[in-house]
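Structure, as C-alpha cells:
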Amino acid sequence: MSIEDNKARIQRFFDEVVSQGDLEAVDDLLAASCRYFDAGTLRTTGCSEFIDYLIEARKPYDSITVEIDNIIAEGDQVAVRCSYHLMLEGEHSVVPVMAEFRIKDGKILEMWRAVAA
C-alpha cells in the first residue's frame with residue numbers, strides 16, 4: 001500500500017470506528033492480531049478484544065467525534081495529532097490525542113494512543 005493509502009485507512013478508522021462506532025469496519029481495517037496500546041500499556045490483542053474495549057469506552061458518551069489536526073506517514077507508520085470531541089449529558093469537552101499506527105498487508109497491526117492533556 002502507498003503512504004496515501006495508509007493515511008486514508010487511518011482517516012477511515014477514526015471516522016468509522018472511533019466516531020461512528022461502526023464495529024463491522026473493525027474487521028476490514030484491523031489485522032486479526034492487532035495490538036492496541038494506551039499510554040504505553042497494552043490494552044487489547046486481537047479484533048474481538050478491541051471491539052469489547054471500544055464498546056465499553058464509548059458507553060458513557062452521547063457522541064464522540066474525532067477531528068484530525070495533522071496526519072503524517074512514512075513507510076508503514078502513520079502518526080496522527082487529533083482532537084476527540086466528546087458529548088456527555090449535554091456537556092462538550094475536547095481531548096487532544098496523539099496516536100501512532102503501524103500497518104502491515106493493508107491492515108492496522110499496532111495502535112499507540114496517548115492523551116496529550
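No lab work stands behind these numbers, since they all come straight from the coordinates. Keep in mind that this is a model prediction, so the values were computed, not measured. Using ideal geometry, Cβ is built from the backbone for each residue, glycine included, and neighbour counts are taken over all protein chains shown.
Details
- Search result, residues across region 25-49 that are among the hydrophobic types (A, V, I, L, M, F, W, C), surrounded by 15 or more Cβ atoms within 10 Å (Cβ to Cβ) and in a strand (DSSP E or B): 30, 31, 34, 37
- Every pair of residues 6+ apart whose Cβ atoms lie under 8 Å, when the first sits in region 90-114 and is free of Cβ contacts under 8 Å to residues at least 12 places away in the same chain while the second is part of a strand (DSSP E or B) and surrounded by 13 or more Cβ atoms within 10 Å (Cβ to Cβ): 92/85; 92/86; 93/85; 93/86; 94/83; 94/84; 94/85; 94/86
- Put simply, of 94, 80 the only residue that is surrounded by 15 or more Cβ atoms within 10 Å (Cβ to Cβ) and either in contact with a Gly (Cβ under 6 Å, 6 or more places away or on another chain) or assigned to a strand (DSSP E or B) (or both) is 80.
- Yes/no for residue 67 being exposed (fewer than 12 other Cβ atoms within 10 Å of the Cβ) and free of Cβ contacts under 8 Å to residues at least 24 places away in the same chain: yes
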